Each structure stands twice: as structure tokens, then as C-alpha cells.
Amino acid sequence: MRNSPSRRLYTPWTTRRPSLRPLPGAYGQFTKHSAHFFGTGRYLLIQTIVVVLWIALNVSAIRWQHGDWRHWDKPPFNWLNLAFSTQAAFAAPLILAAQNRQEKRDRLVTKEDRRSALQTKADIGYLARELADLRLAIEEVPTREYLRQELEDLRALLTDRLPENPGIEPVRTGDGAEPRAKEPG
């Protein structure tokens with residue numbers, strides 16, 4: 001359905017033209033995968049097998065040319081050297097490009113970590129201040145004993161200041177509450 005002729009008629013001409021531009025991250029992915037491959041034991045094993053075969057075939061002279069045995073790469077192995085130079089000329093920039101790409105990602109991760117650490121530090125500072133405020137507020141909360149003592153002191157003060165009035169007498173409750181004055185009436 002994606003490339004069907006009926007769908008292509010509805011798309012503008014500019015988007016129907018084939019583009020030779022690679023996808024945005026294609027080169028980066030290619031360099032990453034090639035750098036990863038060049039750094040593996042598998043690559044070293046393949047390269048070692050190719051070099052051993054190359055040298056063995058050239059030393060044993062299995063190529064037949066003009067009726068006699070000839071080497072296609074004689075023992076300083078110039079062609080093998082050229083192959084390695086070409087491979088190194090391609091591998092080095094790919095590896096460097098992958099390293100540069102990784103360095104940019106590491107820089108972004110470091111920047112994000114630094115921002116996150118600053119936010120965490122600010123949050124911890126705020127929570128520490130809130131905790132200190134709560135501790136101070138808890139210390140100022142009156143306890144039951146403190147309130148009882150204050151009420152006793154207030155009752156004693158009121159009893160000393162109230163004139164003796166025969167119409168007012170304290171009322172005792174059965175639930176253990178403090179006595180209160182009975183209204184005249």
C-alpha cells in the first residue's frame with residue numbers, strides 16, 4: 001500500500017522523487033557498527049585467517065601463468081601491504097567518527113547529569129529546610145502535661161480573683177473533666 005500507484009498520485013511530485021540523501025542517522029549508525037566490528041576478536045580472527053591464507057597461497061605458488069608457476073604477490077607481500085593500508089585508511093576515519101559521536105553523546109549525558117544533580121541538590125536543600133521548620137514547630141507544640149499545668153494555673157488564678165459569690169458553685173462532671181462554674185438560675 002505504501003508505494004501503490006494510487007497512493008503516489010496523491011503525493012506531491014517533490015516527495016515522489018527518489019532521494020540520494022542518506023537517512024539522518026545512517027552515517028552515524030554505520031560508523032558505530034563498523035568501529036564496533038573493528039574492535040572485536042571476530043574481526044581479528046578473520047583478518048588473521050586471510051593473512052595466513054594469503055601468505056600460504058603465495059609461498060606455495062599455486063597460480064599458473066604463462067605455463068609456469070608464479071607468485072601474484074612475492075614475499076615482501078606488497079599487495080597484502082596495500083590491502084592493509086587501504087583497510088586502515090577506511091577504518092581509521094570510521095573509528096574516529098564513531099568516537100566523536102560517542103563523545104557528543106557523553107557530553108550530553110554529562111550535561112543532563114549535572115542538571116539533574118543541581119536539581120536534586122536544590123530539592124534536598126528545600127527538604128532539609130522544611131524538616132528543620134517541622135522540628136521547630138514540633139518543639140513548640142504544647143504537650144498534654146503542659147496544657148494541664150497551664151489550666152491548673154489559670155484555675156488557681158481565677159479562684160483567687162473571683163469574689164465569693166454564693167450563687168455560683170463549681171459543677172463536677174463524672175467524666176474527669178475540670179469543674180466549671182454553675183450558672184445561677
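Laboratory data are not the source of any read-out in this text; all were calculated from the coordinates shown. Source: prediction; values computed, not measured. Here Cβ is always computed from backbone atoms with ideal geometry, including for glycine, and neighbour counts include all displayed protein chains.
Summary table
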{"read-out": "Volume per residue of the C-alpha convex hull in segment 25-140, rounded to whole Å³", "value": "147"}
{"read-out": "For 54, 79, order by how many other beta-carbon atoms lie within 10 Å, fewest first", "value": "79, 54"}
{"read-out": "Around residue 99: net Lys/Arg minus Asp/Glu count, Cβ-Cβ under 14 Å", "value": "+3"}
